[in-house]
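Colleague: The structure under discussion is supplied below as structure tokens; questions concerning it will follow.
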Amino acid sequence: MVARSVDVNLADYDGRTALHLAASEGRADVLRYLLALGAAKGSTDRWDNTPLDDARRNGDGESVALLQPSMSGLGERHQGEVSVHGSIEALAFLPAAKAA
């Protein structure tokens, strides 16, 4: 792929990328390769599913771990700023608000 300058984020007619396919097949080795090449974790297919959704549906914990949003930088948000991406589990890592 790289030798031929293929865009790792190209999608098929359903909007599914190579990352979607690797996640749905439980291919963590391929996920690592594609992520190292800059594949977009947040791409959505025509059913609005991300590669993370596919990995969860497949039940592959290693793939899910690779595709989870990074927990680094969660405490660096500005007050009142909310991220629309990620999972509800990430809320556990946010700093507690100080009482006024």
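Colleague: For GLY26, what charge total do you get from the other residues with a beta carbon under 12 Å from its beta carbon, if Lys and Arg give +1 and Asp and Glu give -1? Let's see the in-between values first.
Modeller: Details: positive: ARG27, ARG56, ARG57; negative: GLU25, ASP29, ASP54, ASP60, GLU62.
Residues near GLY26 contribute -2 overall.
Colleague: Given axes a ≥ b ≥ c from the Cα gyration tensor, I'd like to know whether the range 8-57 is rounded (a/c under 1.5), prolate (a/b larger than b/c) or oblate. Working shown, then result.
Modeller: Numbers: a/c = 1.82, a/b = 1.22, b/c = 1.49.
In terms of gyration-tensor shape, oblate.
Colleague: Now for a different question. Which order results if ASP54, ASP29 are arranged by neighbouring Cβ count within 10 Å, fewest first?
Modeller: Numbers: ASP54 23, ASP29 11.
Neighbour counts put them in this order, fewest first: ASP29, ASP54.
Colleague: Also: Which whole-Hz ³J(HN,Hα) couplings does the range 41-53 yield from phi under the Karplus relation 6.51 cos²θ - 1.76 cosθ + 1.60, θ = phi - 60°, glycine and proline marked x?
Modeller: Values, residue by residue: 5, x, 5, 10, 8, 5, 9, 6, 9, 9, x, 4, 4 Hz.
Colleague: Let me ask something additional. Net charge around ASN49, counting only other residues with Cβ within less than 13 Å of its Cβ (Lys, Arg = +1; Asp, Glu = -1)? Please report the intermediate quantities before stating the final value.
Modeller: Values: positive: ARG16, LYS41, ARG46, ARG56, ARG57; negative: ASP14, ASP45, ASP48, ASP53, ASP54.
Computed value for this residue: 0.
Colleague: Exactly which chymotrypsin sites (Phe, Trp or Tyr not before Pro) in the range 1-56 are in a DSSP loop and have at most 15 other Cβ atoms within 10 Å? Show your work: numbers first, answer last.
Modeller: Numbers: sites: TYR13, TYR33, TRP47; in loops: TYR13, TRP47.
Counting only loop positions with at most 15 other Cβ atoms within 10 Å, the chymotrypsin sites (Phe, Trp or Tyr not before Pro) in the range 1-56 are TYR13, TRP47.
Readers should treat all values here as calculations from the given coordinates under stated rules, not as data from a laboratory. Values in this document were obtained by computation on a predicted structure and should not be read as measured data. Positions of Cβ are backbone-derived with ideal geometry, glycine not excepted, and every protein chain shown enters the neighbour counts.
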